[in-house]
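Step one of this worksheet: look at the structure below.
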C-alpha cells in the first residue's frame with residue numbers, strides 16, 4: 001500500500017506542476033501582477049486557466065488517494081518533485097534558461113524539505129485522530145485563516161510581493177492535508193452498522209471547502225506576483241512542515257525518547273529549506289533578467 005501511495009503522490013506532483021504552470025501563465029497574461037476577486041472569477045472563461053484547474057484537481061485527487069494509503073509524512077515530501085518539474089516546464093514555456101543560482105536554490109530548498117520530513121518520519125509513528133483532536137485542528141485552522149485574511153487586506157494596500165501569499169497558501173494547505181488524511185482514514189474505517197451521518201466528519205469537510213477557496217485565492221495572487229517555481233518551492237517547504245508539526249504537536253505522533261540529534265537535524269533541515277526558498281525568490285530567472293529571454 002505504501003508503494004501505491006508513493007506512486008500516486010509522484011503522479012500527483014506531475015499534474016500539480018503542469019496545472020501550476022498553466023494557471024500561472026493564464027493569470028499573468030490576462031492581468032499581469034495585479035489580481036482582484038472579480039478578475040479571478042473572470043478566469044473561469046479562460047481556457048488555459050481551466051486546463052490548469054483540471055490538471056490541479058486531478059493532482060489533488062491523486063494526492064488524496066496517496067494520503068489515504070500512507071502517513072502524511074511519507075506522502076507530503078514527494079511534492080518536491082513538483083518543484084523541479086514546474087521550474088523546467090516554466091523555463092521551457094517562456095524560453096528562459098535556468099541559471100546556476102536558481103539550480104542551487106532549488107537544490108537547497110528540496111534537500112531541506114525532504115530532509116526535514118524524512119527525519120520526521122523516523123521520529124514519529126502513525127496515530128488515529130480523535131474527535132477532540134479534529135476539533136482542535138479546525139479551531140487552529142480558523143484562527144490562522146482569520147489572521148491571514150486580515151494580513152491579506154493590509155498586504156494589498158502596501159503592494160507586497162509573492163512571499164506572503166506563498167506562506168499563507170502553504171499554511172492553509174498544510175492544515176488541509178491533515179484534515180484530508182483524517183477524513184480519508186475515517187471513510188476507510190467505515191462502520192456499516194453505525195448511522196452514516198454520525199460517522200461523517202462534517203466539520204472537517206466544511207473547513208476544507210472554505211479553506212480550499214481561500215487557499216486558491218492566495219495561490220492566484222502568488223502566481224501574479226512571482227514565478228510558478230517560487231510558488232511551488234514555498235508550498236514544497238511550508239505545506240509538509242505545517243503538516244508534520246501538527247502531527248507531532250497535536251496528534252502525538254512524536255515517538256517517546258526521541259534522540260536529541262534527530263530533533264536538532266529537523267530544525268537544521270527546516271532552516272536550510274527556508275534559506276532555499278529565500279534564495280529562489282532572489283535568483284530565479286524572472287527576477288535576475290526580466291527583460292531577457294535567456295539567462296546564462
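The values are calculated or read from the model by the stated rules, or taken from the named source; none is laboratory data. Nothing here was measured: the structure is a model prediction, and the numbers come from that model. Here Cβ is always computed from backbone atoms with ideal geometry, including for glycine, and neighbour counts include all displayed protein chains.
Scan the range 168-185 and give yes if some residue there is over 26 Å from residue 85 (Cα atoms) and without any contact (Cβ under 8 Å) to a residue 12 or more places away in the chain, otherwise no. Working first, answer last.
From the range 168-185, those over 26 Å from residue 85 (Cα atoms) are 179, 182-185; that's our starting set.
When the remaining residues are screened for being without any contact (Cβ under 8 Å) to a residue 12 or more places away in the chain, the result is none.
No; the residues of the range 168-185 include none that is over 26 Å from residue 85 (Cα atoms) and without any contact (Cβ under 8 Å) to a residue 12 or more places away in the chain.
Scan the range 34-76 residue by residue and report those that are exposed (fewer than 15 other Cβ atoms within 10 Å of the Cβ) and at pLDDT 85 or above. Listed by number, the residues that qualify are 47, 54, 57, 61.
Restricting attention to the range 171-185, report how many residues are farther than 18 Å from residue 248 by Cα and surrounded by 19 or more Cβ atoms within 10 Å (Cβ to Cβ). So the answer is 1. Can you tell me which residues in the range 105-158 are surrounded by 13 or more Cβ atoms within 10 Å (Cβ to Cβ), under 26 Å from residue 279 (Cα atoms) and out of contact with any helix residue (DSSP H, G or I) (no Cβ under 8 Å at 6 or more places or on another chain)? Of everything in the range 105-158, just one residue is surrounded by 13 or more Cβ atoms within 10 Å (Cβ to Cβ), under 26 Å from residue 279 (Cα atoms) and out of contact with any helix residue (DSSP H, G or I) (no Cβ under 8 Å at 6 or more places or on another chain), namely 156.
Restricting to the range 121-133, name every residue that is more than 14 Å from residue 189 (Cβ to Cβ) and assigned to a helix (DSSP H, G or I).
The first filter runs over the range 121-133 and keeps only residues more than 14 Å from residue 189 (Cβ to Cβ), leaving 121-125, 132-133.
Answer for the range 121-133, where residues must be more than 14 Å from residue 189 (Cβ to Cβ) and assigned to a helix (DSSP H, G or I): 121, 122, 123, 132, 133.
For the range 18-25, check the following and say yes or no: at least one residue is under 21 Å from the mean Cα position of the chain (by Cα), at pLDDT 70 or above and under 23 Å from residue 69 (Cα atoms). There is no residue in the range 18-25 that is under 21 Å from the mean Cα position of the chain (by Cα), at pLDDT 70 or above and under 23 Å from residue 69 (Cα atoms).
Inspect the range 135-158 for any residue being modelled with pLDDT under 80 and assigned to a loop (DSSP other than H, G, I, E, B) and give the result as yes or no. No: zero hits.
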